[in-house]
Amino acid sequence: MSDQTSSSRNSRASIIELEEYGIAKLKGANYGAWKAQLEASLIVKGLSGALRGVVVKDEQGISTDEKARAHILLSVDSKYVQMISSLGTAKEMWGRLAAVHVESSSAGCMALQEQFLTIKMGPDEKVNDYVARVESLASMMKSAGCEQSEKNIIGKIIIGLPSSYQSFRSAWIGTPVDQQTRNTLLARLSA
């Protein structure tokens, strides 16, 4: 089998695996989720060392860096392919993508903080869906470099609950501080 056929088969396999894992291509706004999912995928494949410059060749002589570069290129939108395809290593690609998103993250961080401060549970929204929205927003904030403390996330969940949860709020305030964890909060909200 030719190298080109083998490479084509490997590319198709990588695309299928990205779809299997539900990893959406990097388009910009989804950088935080994309980064976490792609890094997890590279860990599963034994390629994450390439992001730190650690390169090993397999029995066919293909380096982990080559595989990681291909994986990254297949998981980004075409505007990013042009930006990173000429870089020599997966570590350089990863660094360039991070640098581009850090520059845009300060404005994004401010917008995310505004959303975090104003988020409330909708009138027809289930409490688990509301909590998932708060946690998702907190995750995006962490990726943008404006991480919220566990205490702030718990407080936001409680404050954003509608007035029908007033007795719940009062009971939560009476909970010993060492038991005021997100897991305890979620268990009580789901009960």
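The values are calculated or read from the model by the stated rules, or taken from the named source; none is laboratory data. Not measured: the values here are computed from a predicted model. A quick note on method: Cβ atoms are made from the backbone with ideal geometry, for glycine too, and the neighbour counts reach across all protein chains shown.
Residues in segment 51-70 that are on the phi < 0 side of the Ramachandran plot and out of contact with any helix residue (DSSP H, G or I) (no Cβ under 6 Å at 6 or more places or on another chain): Arg52, Val54, Lys57, Asp58, Glu59, Gln60, Ile62, Ser63, Glu66, Lys67, Ala70. Note on segment 80-98: residues that are over 24 Å from Lys142 (Cα atoms) and in contact (Cβ under 8 Å) with a residue 24 or more places away in the chain amount to 1.
Looking at segment 42-76, which of its residues are among the hydroxyl-bearing types (Ser, Thr, Tyr) and not in a loop (DSSP other than H, G, I, E, B)? Steps first, please.
Residues of segment 42-76 that are among the hydroxyl-bearing types (Ser, Thr, Tyr), as a first pass: 48, 63-64, 75.
The answer is Ser48, Ser63, Thr64.
The numbered conditions (1) in a helix (DSSP H, G or I); (2) of a type outside the set (D, E, K, R); (3) at pLDDT 90 or above are all true for Ser105 except (3). Somewhere in segment 81-92, is a residue part of a helix (DSSP H, G or I) and under 15 Å from Gly32 (Cα atoms)? No, because not a single residue in segment 81-92 is part of a helix (DSSP H, G or I) and under 15 Å from Gly32 (Cα atoms). Look at segment 25-40: where a residue is assigned by TED's automatic domain parsing to the domain that holds Lys142 and acidic (Asp, Glu), no partner that is crowded, with 16+ Cβ neighbours inside 10 Å and in a helix (DSSP H, G or I) sits 6+ places away or on another chain with Cβ atoms under 8 Å. Exactly one residue out of Ser14, Ser63, Ser41 is of a type in the set (S, T, N, Q), closer than 30 Å to Ser136 by Cβ and at pLDDT 80 or above, and it is Ser41. Could you check, for segment 99-112, whether at least one of its residues is out of contact with any Pro (no Cβ under 8 Å at 6 or more places or on another chain), loosely packed, with under 11 Cβ neighbours inside 10 Å and either in contact (Cβ under 8 Å) with a residue 24 or more places away in the chain or among the hydroxyl-bearing types (Ser, Thr, Tyr) (or both)? The answer is no; no qualifying residue exists. Here Pro162 meets the list (1) surrounded by fewer than 16 Cβ atoms within 10 Å (Cβ to Cβ); (2) under 21 Å from the mean Cα position of the chain (by Cα); (3) of a type outside the set (D, E, K, R); (4) modelled with pLDDT of 95 or more almost entirely, failing just condition (2). Within segment 63-92, the residues that satisfy the criterion of being among the hydroxyl-bearing types (Ser, Thr, Tyr), buried (at least 17 other Cβ atoms within 10 Å of the Cβ) and within 21 Å of the chain's Cα centre (by Cα) are Ser75, Tyr80.
Here is a check on your reading of the model: is Ala132 modelled with pLDDT under 90 and either outside the structural domain of Met83 (by TED's automatic domain parsing) or within 18 Å of the chain's Cα centre (by Cα) (or both)? Write out each step before concluding.
Working: modelled with pLDDT under 90: no; either outside the structural domain of Met83 (by TED's automatic domain parsing) or within 18 Å of the chain's Cα centre (by Cα) (or both): yes.
So Ala132 does not fit the description; no.
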